[in-house]
Amino acid sequence: MVGGVKKIVKKGLLGEMGFNKGGGTINWFPGHMAAATRAIRDRLKVSDLVIEVRDARIPLSSANEDLQPMLSGKRRVIALNKKDLANPNIMPKWMRYFDSCKQDCLSINAHSKGSVKKLLDLVEFKLKELISREPTLLVMVVGVPNVGKSALINSIHQIASDRFPVQQKMKRATVGPLPGVTQDIAGFKIAHKPSIYVLDTPGVLVPSIPDVETGLKLALAGSIKDSVVGEERIAQYLLAVLNTRGTPLHWKHLDNRRMEGLPIESDEKPEYNLKDLLPKRKKPLDRSGVRYIEDLVTEVQRALFVPLSDFNGSLENETDLEILIEQQFEALQKALKIPHKASEARTMVSKKFLTLFRTGKLGPFILDDVPDVSNAVS
Ligand code: GDP
């Protein structure tokens, strides 16, 4: 990572945010998550393969450290989901990285059946290598919040119903809360001979936050609630990353009239919705709404580009970087048409700016750096 971001993250500006000192444990996870972890371990024990879903924008930061020993000891496929939001030029480097760790890995888009079918092909291939005494094999999906586990399981459900219109009940003794007591768990059948079932409930893993920057990346990707970290801090971090990478300088000649032809309405209710960027009178998102957002993106890009191209300071110097970010914040407020006097103006600017990033309108990104393969661990 570029020095400037590291420094600014260490400083008070982004540093104090409810993470315990020295990183490590975090004090805001609800207690039921610990109980859930025990249940996940039990289900993992009876699973023959695990699909670990991670966010393709943070292939390492979206891993759960505590469970890694158990996960890497199992037959595992890592699905880097939301590949549509991740930089396609960097993705092959990550594939090579996981390959060098001898870890099966596939980048996917959980909303695309074609993409999910490729993942299921790999799962079947891995399981058929296994000379099994079991007539039924189980696959479990795990991952930290918001990486797309439910979206993936939904797509798997659809594919399973196409392949086996009459879904049979899964027959396999599974774990219960007490030793020797079995319990029904449900799944979708995706293959025959041997029968392969994907469990219908994903395992929600607690994110690991060894340092503040990992926390900020997880927040940016939506795995940690915005309210825990604060929208403004997340937006400042994003600006620090964009500036130190020089990203806004590439926006000079960009034309944002490229949303044409994109589906405007869908039944889904995504968490980060472009509709939230429209003035109230314009909802729902129709053609004129799409135009409005395209223009907004251009304005936002200009709000970042102009201060950066006029910038005389050093991006390595945290005070300079802070001044630049402050100028961009002011420019963003105008670009996003947020009245100067609005009491929550900075939060509103941050929310809208984050929505643009999270919906991919500022371009595809990968926030983690590919580790040096010579000391690679997955
Ligand atoms: P979970 O918490 O891991 O179960 O995550 P969800 O399945 O609820 O997905 C979280 C958000 O990410 C939802 O708004 C999904 O629509 C969105 N999402 C899931 N998969 C993808 C993907 O491949 N691409 C994009 N762009 N969004 C996705």
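The values are calculated or read from the model by the stated rules, or taken from the named source; none is laboratory data. No experiment lies behind these values; they were computed from the predicted model shown. Positions of Cβ are generated from backbone atoms using ideal geometry, with glycine treated the same way; all protein chains shown enter the neighbour counts. Ligands, DNA and RNA are stripped out before the accessible areas are found, and what is left, the full protein with its side chains, is counted by its heavy atoms. Shrake-Rupley method; radii C 1.70, N 1.55, O 1.52, S 1.80 Å.
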ask   = From Ser107, Ser150, which residue is open to solvent by 50 Å² or more (accessible area, probe 1.4 Å), of a type in the set (Ser, Thr, Tyr), touching a residue at least 12 places away in the same chain (Cβ under 8 Å) and within 12 Å of the ligand (Cβ to nearest atom)?
value = Ser150
inquiry  = Regarding segment 112-131, can at least one residue be identified that is within 12 Å of the ligand (Cβ to nearest atom), farther than 18 Å from Phe365 by Cβ and assigned to a loop (DSSP other than H, G, I, E, B)?
reply    = yes
ask   = Restricting the first residue to segment 322-351 and requiring it to be of a type in the set (A, V, I, L, M, F, W, C), which pairs with a second residue that is part of a loop (DSSP other than H, G, I, E, B) and surrounded by 19 or more Cβ atoms within 10 Å (Cβ to Cβ) meet a Cβ separation below 7 Å and a spacing of at least six or different chains?
value = Val349/Leu336
Only listed residue being over 22 Å from Ala219 (Cα atoms) and crowded, with 17+ Cβ neighbours inside 10 Å, chosen from Leu356, Leu308, Leu321 = Leu308
query = Which is crowded, with 22+ Cβ neighbours inside 10 Å, away from the ligand (no atom under 15 Å from the Cβ), of a type in the set (Val, Ile, Thr) and modelled with pLDDT under 90, of Ile234, Ile209?
reply = Ile209
ask   = From Ser47, Ser72, Ser61, which residue is modelled with pLDDT of 85 or more, out of contact with any Phe, Trp or Tyr (no Cβ under 9 Å at 6 or more places or on another chain) and closer than 25 Å to Gln236 by Cβ?
value = Ser61
key: Restricting segment 69-79 to residues that are over 18 Å from Leu130 (Cα atoms) and either in a strand (DSSP E or B) or touching a residue at least 60 places away in the same chain (Cβ under 8 Å) (or both), the residue that is nearest to the ligand (Cβ to nearest atom)   = Ala79
message = Can you name every one of the helices (runs of 4 or more DSSP H) wholly within segment 275-378 that holds 3 or more residues which are touching a Pro at 6+ places or on another chain (Cβ under 7 Å)?
response = 287-309, 318-335
task = Mind telling me which of the residues Lys113, Lys126, Lys82 ends up being surrounded by fewer than 16 Cβ atoms within 10 Å (Cβ to Cβ) and either touching a residue at least 12 places away in the same chain (Cβ under 8 Å) or in contact with a Leu (Cβ under 7 Å, 6 or more places away or on another chain) (or both)?
result = Lys113
